[in-house]
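The structure appears right after this line, and notes come after that.
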Amino acid sequence: MLGYVTIGVKDMGRAEGFYNALLAEIGAKQLFGQDRIKFYGTRPEGSMLAVCIP
């Protein structure tokens, strides 16, 4: 089972807006993060998508 998948981005502000809207369509939300990385999912114990600045 996957814990998380990571996607690298250049502009976190634009990426955050995009992924917030996109993932809300499937019931996911930003669970936690810092300046350079955000984790999305439906619950902290489940699989997540991480968006980060490499």
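With respect to GLN34, determine if the residue is over 11 Å from ILE53 (Cβ atoms), out of contact with any Gly (no Cβ under 8 Å at 6 or more places or on another chain) and not hydroxyl-bearing (Ser, Thr, Tyr).
Values: over 11 Å from ILE53 (Cβ atoms): no; out of contact with any Gly (no Cβ under 8 Å at 6 or more places or on another chain): yes; not hydroxyl-bearing (Ser, Thr, Tyr): yes.
No; evaluated as a whole, the condition is false for this residue.
One residue is enough: does the range 25-37 have a residue meeting the conditions small (Gly, Ala, Ser) and loosely packed, with under 10 Cβ neighbours inside 10 Å? Even if it seems obvious, please write down each step before you answer.
To start, the set of residues in the range 25-37 that are small (Gly, Ala, Ser) comprises 27-28, 33.
Within this subset, residues satisfying the condition of being loosely packed, with under 10 Cβ neighbours inside 10 Å are 27.
Yes, there is a match, as at least one residue in the range 25-37 is small (Gly, Ala, Ser) and loosely packed, with under 10 Cβ neighbours inside 10 Å.
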Pick from the chain, criterion assigned to a loop (DSSP other than H, G, I, E, B) and among the hydroxyl-bearing types (Ser, Thr, Tyr), ranking: modelled with the lowest pLDDT | SER47
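Return the residues of the range 1-19 that are in contact (Cβ under 8 Å) with a residue 12 or more places away in the chain, surrounded by 10 or more Cβ atoms within 10 Å (Cβ to Cβ) and not aliphatic (A, V, I, L, M); say none if nothing qualifies.
Taking the range 1-19 first, the residues in contact (Cβ under 8 Å) with a residue 12 or more places away in the chain are 1-10, 12, 15-16, 19.
Of the ones still in play, those that are also surrounded by 10 or more Cβ atoms within 10 Å (Cβ to Cβ) are 4-9, 12, 15-16, 19.
TYR4, THR6, GLY8, GLU16, TYR19 - these are the residues of the range 1-19 that are in contact (Cβ under 8 Å) with a residue 12 or more places away in the chain, surrounded by 10 or more Cβ atoms within 10 Å (Cβ to Cβ) and not aliphatic (A, V, I, L, M).
Just for the range 38-54: of the residues that are free of Cβ contacts under 8 Å to residues at least 40 places away in the same chain and among the small types (Gly, Ala, Ser), which one is surrounded by the fewest Cβ atoms within 10 Å (Cβ to Cβ)? It would help to see each step written out before you state the result.
Residues of the range 38-54 free of Cβ contacts under 8 Å to residues at least 40 places away in the same chain: 38-46.
Applying the additional criterion that residues be among the small types (Gly, Ala, Ser) yields 41, 46.
Working: GLY41: 19, GLY46: 13.
This residue is GLY46.
The values are calculated or read from the model by the stated rules, or taken from the named source; none is laboratory data. Keep in mind that this is a model prediction, so the values were computed, not measured. Using ideal geometry, Cβ is built from the backbone for each residue, glycine included, and neighbour counts are taken over all protein chains shown.
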